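One structure is given below, encoded as structure tokens.
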Amino acid sequence: MTGTPTAIVLGIAQDGGVPHAGCFCSTCTSFHAESKQLFPTSILIRDENELHIIDVSRQLDAQSRSFGFNPRDITDIWITHGHLGHIDGLGLFGKEVMGLRGVRLHASKSMMNLIRSTPRLQDLLETGVFIESIFESNIEIRTHGGLTFLPLPVPHRDELSDTHAFVVRGPRRSLLHLPDHDQWELTLKNHGHNSIMGWLSDLRVDVALLDGTFWNEEELPSQALVPHPTMEESVRRLGLRNANSPDIRFIHINHSNPILMDEELRQNMHGWALAEQGEAFIL
Ligand SMILES: [Zn+2]
Ligand SMILES: [Zn+2]
Ligand SMILES: [Zn+2]
């Protein structure tokens, strides 16, 4: 692995995972019956001397045992936003569990304010478990190992904090991680584009992991309260995959999304696919 930065998909589920607490839908029941589990979305990036993780879920232990890394080796944490599954693993770094010191915690000012105003998390900064590192939207950060992280602001219910996607660039390839946003129209408009492909091409990304929370607008009774672009819309906007297309995969899949159980639907995605847990991309 030396010298070759690699991104590994640690989870492809929405914050609640699959099976989902308190849910007895046919998907959750069948996943449980077959002892299968989808972890909340999170990405690990191995570099020669550093181990970065984007978003940290409470499933960090199972993710590390399944995908072959030691969470004690994590040097840098990058946070997209303050919703449950993206930050509920932060406490594992403190004295009740791993008791680590000096892990760099990268977050926006608004996200860091949320951490500082949450006593349980504030304590992790005060006691040196985490070293605060505040990033600015649209300003690229270069790591010691030479990777760069570009935080892109995206519209997403910001009752707790703002939200960022990240573009991670390595020597060979670049990856976009966009687990949550409210709608394509606004995201694209905010970045001066009207097509997903135009935006991805402008960002020069080779791999894009996109919000695939819902398939359509008819999955949950209160779905309007948790806006996400549907996969139906994303696939329509992307059009047919061709030889020159970037590698686009969907992540952050909700247990209600029929794509998890419907093989026929999966064949109907214009050549695009779900990401798989444990799959690796050379950067
Ligand atoms: Zn989420
Ligand atoms: Zn369910
Ligand atoms: Zn969210």
Look through region 49-79, keep the residues that are touching a Pro at 6+ places or on another chain (Cβ under 8 Å) and among the acidic types (Asp, Glu), and return whichever of them is surrounded by the fewest Cβ atoms within 10 Å (Cβ to Cβ). Asp61
Which of the residues belonging to region 208-220 are over 17 Å from Gly16 (Cα atoms) and surrounded by fewer than 17 Cβ atoms within 10 Å (Cβ to Cβ)? Asn216, Glu217, Glu218
One residue from Gly94, Gly85, Gly170 being crowded, with 16+ Cβ neighbours inside 10 Å and within 16 Å of ligand 2 (Cβ to nearest atom): Gly85
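Any residue that is modelled with pLDDT under 95 and within 16 Å of ligand 1 (Cβ to nearest atom) - is there at least one of those in region 211-220? Walk me through how you get there before you give the answer.
Taking region 211-220 as the starting set, the residues that turn out to be modelled with pLDDT under 95 are 216-220.
From what is left, the residues that are within 16 Å of ligand 1 (Cβ to nearest atom) are 219-220.
Yes: one or more hits.
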Number of positions in region 43-68 that are at negative phi and without any contact (Cβ under 8 Å) to a residue 60 or more places away in the chain: 14
Conditions: (1) closer than 20 Å to Ile131 by Cβ; (2) within 15 Å of ligand 3 (Cβ to nearest atom); (3) of a type in the set (Val, Ile, Thr). Thr41 meets all but one. Number of the miss? (1)
Which helices (runs of 4 or more DSSP H) does region 16-104 wholly contain that include 2 or more residues that are under 20 Å from the mean Cα position of the chain (by Cα) and within 27 Å of Leu150 (Cα to Cα)? 60-67, 84-87
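When you go through His177, His164, His156 one by one, which is the residue that is surrounded by 20 or more Cβ atoms within 10 Å (Cβ to Cβ), within 19 Å of His191 (Cα to Cα) and out of contact with any strand residue (DSSP E or B) (no Cβ under 6 Å at 6 or more places or on another chain)?
On the way: His177 fails: out of contact with any strand residue (DSSP E or B) (no Cβ under 6 Å at 6 or more places or on another chain); His164 fails: out of contact with any strand residue (DSSP E or B) (no Cβ under 6 Å at 6 or more places or on another chain).
Matching residue, one of His177, His164, His156: His156.
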Selection count where residues are surrounded by fewer than 22 Cβ atoms within 10 Å (Cβ to Cβ) and either under 14 Å from Ser256 (Cβ atoms) or within 16 Å of ligand 3 (Cβ to nearest atom) (or both), scope region 4-14: 0
Sort out which residues of region 144-181 are of a type in the set (D, E, K, R) and either closer than 15 Å to Ile196 by Cβ or within 13 Å of the chain's Cα centre (by Cα) (or both), and write them in order of number. Asp180
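The values are calculated or read from the model by the stated rules, or taken from the named source; none is laboratory data. Keep in mind the model is a prediction, meaning the values are calculated, not measured. Every residue, glycine among them, receives a Cβ derived from its backbone with ideal geometry; neighbour counts consider all protein chains shown.
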